[in-house]
Number of protein chains: 2
Amino acid sequence: MLRLVHVGLGPLGRRVADDLVARGLGQVAGAVDLAPNTVGTIFHGQMITSDLVAALDAPHHAVIVATASDLRRCADTFRTLLERGETVVSTCEELLWPKLRHPELAAELDALAKRTGGRLLGTGINPGFLMDTLPVVATAACNAVRRVDIWRVQDATTRRVPFQQKIGATLDREAFAAREREGTLRHVGLLESLALVAARLGLRVERTEETLEPVLAERELVCDLGPIPVGNAAGVRQVGTGWNAAGDVVVRLEFKASIGEAEPHDRVLVDGDPPIDLTIAGGVHGDVGTSAMVLNCVRPLLDAAPGLHTMDTIRLAGFDGTNSR
Amino acid sequence: MLRLVHVGLGPLGRRVADDLVARGLGQVAGAVDLAPNTVGTIFHGQMITSDLVAALDAPHHAVIVATASDLRRCADTFRTLLERGETVVSTCEELLWPKLRHPELAAELDALAKRTGGRLLGTGINPGFLMDTLPVVATAACNAVRRVDIWRVQDATTRRVPFQQKIGATLDREAFAAREREGTLRHVGLLESLALVAARLGLRVERTEETLEPVLAERELVCDLGPIPVGNAAGVRQVGTGWNAAGDVVVRLEFKASIGEAEPHDRVLVDGDPPIDLTIAGGVHGDVGTSAMVLNCVRPLLDAAPGLHTMDTIRLAGFDGTNSR
């Protein structure tokens, strides 16, 4: 049985702990959150504390951190944990490929982990699986890879309200543009996924670009946030593109999430030898998937050498069926 | 640049070496074969020798063994290599999950490798990727897995003649049955793939069965072996099934390879939470893919701890783009 300390008990952090117990995979050994209305309450038999170090007192195998997307905002938490030689799996999106935006911090955390015997990994359904790990695996059967195109096309109708808000559903063009300027609209991690794919496949990306635009409702739609008039945003389309020195596109990722999307799917198209055209019909549900990825990566990370890891340096992660019910 | 010693220079063994050089991934450091008409000839700048130990003299990173499907027939080669601490990737089908049929030999090779610092891995396109590694990866986003169905459906028209012979193409029912009794017809490794999937996903298989039958030509067909009259074998269908203690099917693998197959594809269907329905349209070509898998697994195996490895214990294998042309 895995004994995990859970840091960050928002909807996602709670879901990971709930799934840990529901799967029979393990137990909650500690619970940490800063929200005043949760501290002091009981969560899966543990009193929620705001004191990270105190929560590490009980015996445990690993720590789950589900706090922020921005690696800098998580850095002190990671330092505190790695100084104590902890094994840490986090949903921090920038941690998927930390050296893209924070090379010095990544080097610092790697050196710290190696010194103490700690381990750190960022994962999730996306980034973490559909637009990076799965495309890399798909090329295992290739003798050449010239270009990789990746699509994640989701129907946001069945997603939780914060997700619908995050993709700008219901907003008119002006409000959408304002939210875009604030930087609160985008899916975080697209260029991290691109960087992982390019690095692992030797695609030598010299220039990248990320674009974002609303997916406009072509008919009246309704979602949990309310009605969406024709012409307002039903969601978002983000495209990350990587070019090589010759000016050829070698990686392209398209993330599209909108209310009423007719044909949700995940797809990886490899221009290679042999070519690979892989599709997951209907796509993979994001809220379930991120919790699953976190839990399924704990044992592969525990089996890895100390250090800062990425999804391509740990052993193959699949469903962890140990003690499965 | 990888420097590899190649043991076994049949069509597949030669292809691996050819691809190594063509990809710019490395060089042939040694070449071993027992066929009298090849020994003493030059292959990628190296004289082919029948002396395995002598071929290890030149500096090299790893050894590729492409000799036999049966692990017992490869055992002395593996012993010789592991006694010298070599890192070995082999296309031996039974080596995909060696403890299924040869638990004592697997334990012996593992202990030997750990003592000397050697490493041993069995891989290929199938077994090795499409019906085992890929299905395991596909479940990484799952919080529950109840059953996995896997299909590999190939059009054998474009495969090499030995493959067409291996699947019984052109044979009438009597000749097909005779070849089946000889045991020379079947795809080797189906139950090894099943065992890997079941073990990794905790599916607790208590009983397995493997069936084999001809795919009969419904119209006149032609292949490189000659014409196929209506009613003769166009190929083979093999099904491996695994049941749990309650008598439920929890893993099912269907391998079908025949001349003129209309809709070749590879598919993984996971009855899980969330469900996953993954398809590679057109399927993955087998001859290219096995060579690619072998080469793409060399560096992941070199990065692993000493011992007998399987595809789920090495780091994520994708296309190895180091020095790619």
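The values are calculated or read from the model by the stated rules, or taken from the named source; none is laboratory data. Because the structure is predicted, anything quoted here is derived from the model rather than measured. Neighbour counts are summed over all protein chains in view; Cβ atoms, including those assigned to glycine, are modelled from backbone coordinates with ideal geometry.
Looking at (1) buried (at least 24 other Cβ atoms within 10 Å of the Cβ); (2) outside the structural domain of A:Phe163 (by TED's automatic domain parsing); (3) among the hydroxyl-bearing types (Ser, Thr, Tyr), find the lone condition where A:Thr80 falls short.
So A:Thr80 meets the others, but not (1).
Of these, B:Ala106, B:Ala138, B:Ala113, which one is within 14 Å of chain A (Cβ to nearest Cβ) and buried (at least 20 other Cβ atoms within 10 Å of the Cβ)?
Working: B:Ala106 fails: within 14 Å of chain A (Cβ to nearest Cβ); B:Ala113 fails: within 14 Å of chain A (Cβ to nearest Cβ).
Every option except B:Ala138 fails the conditions.
Within the set of pairs 6+ apart or on separate chains, which have a first residue in the range A:1-25 that is assigned by TED's automatic domain parsing to the domain that holds A:Thr87, a second that is of a type in the set (Phe, Trp, Tyr), and C-beta atoms under 8 Å apart?
Sorted first by the residue in the range A:1-25, then by its partner, the pairs are A:His6/A:Phe43; A:Leu9/A:Phe43; A:Arg14/A:Phe43; A:Ala17/A:Phe43.
List the number of the failed condition for B:Leu121; all other conditions in (1) over 16 Å from B:Leu308 (Cβ atoms); (2) surrounded by 17 or more Cβ atoms within 10 Å (Cβ to Cβ); (3) in contact with a Cys (Cβ under 8 Å, 6 or more places away or on another chain) hold.
With (1) over 16 Å from B:Leu308 (Cβ atoms); (2) surrounded by 17 or more Cβ atoms within 10 Å (Cβ to Cβ); (3) in contact with a Cys (Cβ under 8 Å, 6 or more places away or on another chain) applied to B:Leu121, the lone miss is (1).
On the given criteria, is A:Ala178 small (Gly, Ala, Ser), farther than 21 Å from A:Trp97 by Cα and buried (at least 20 other Cβ atoms within 10 Å of the Cβ)? Step through it out loud before you land on a result.
Numbers: small (Gly, Ala, Ser): yes; farther than 21 Å from A:Trp97 by Cα: yes; buried (at least 20 other Cβ atoms within 10 Å of the Cβ): no.
So A:Ala178 fails the test.
So, in the range B:297-322, how many residues would count as being assigned to a loop (DSSP other than H, G, I, E, B), more than 8 Å from chain A (Cβ to nearest Cβ) and among the β-branched types (Val, Ile, Thr)?
Adding up the residues that qualify gives 1.
Counting residues that are under 20 Å from B:Arg160 (Cα atoms), which strands (runs of 3 or more DSSP E) fully inside the range B:173-292 reach at least 2?
Values: elements: B:207-216, B:221-223, B:226-228, B:233-243, B:249-258, B:265-273, B:276-281.
Of the strands (runs of 3 or more DSSP E) lying wholly inside the range B:173-292, those with at least 2 residues that are under 20 Å from B:Arg160 (Cα atoms) span B:207-216, B:221-223, B:226-228, B:233-243, B:249-258, B:265-273.
Among the listed residues B:Glu210, B:Glu192, which satisfies the condition of being surrounded by 20 or more Cβ atoms within 10 Å (Cβ to Cβ) and under 22 Å from B:Leu71 (Cα atoms)? Quick ask: steps written out before the conclusion?
Numbers: B:Glu210 fails: surrounded by 20 or more Cβ atoms within 10 Å (Cβ to Cβ).
The conditions single out B:Glu192.
Of the residues in the range A:292-325, how many are more than 24 Å from A:Ala195 (Cβ to Cβ) and of a type in the set (Lys, Arg)?
Selection size over the range A:292-325: 2.
Specify the residue that is farthest from A:Ala17 (Cα to Cα); the eligible residues are those in the range A:269-296 that are of a type in the set (A, V, I, L, M) and more than 9 Å from chain B (Cβ to nearest Cβ). Can you show your working first?
Within the range A:269-296, the first condition is being of a type in the set (A, V, I, L, M), and the residues that meet it are A:269-270, A:276, A:278, A:280-281, A:284, A:288, A:292-295.
Those still in the list that are more than 9 Å from chain B (Cβ to nearest Cβ) too: A:269, A:294.
Values: A:Leu269: 35, A:Val294: 10 Å.
Per the criteria, the residue is A:Leu269.
Can you tell me which of (1) under 24 Å from B:Ser50 (Cα atoms); (2) touching a residue at least 24 places away in the same chain (Cβ under 8 Å) is the one B:Cys74 doesn't meet?
Here B:Cys74 clears every test but (2).
Can you name the condition, by its number, that B:Thr139 falls short on among (1) in contact with a Pro (Cβ under 8 Å, 6 or more places away or on another chain); (2) of a type outside the set (A, V, I, L, M); (3) more than 21 Å from B:Val236 (Cβ to Cβ)?
(1)
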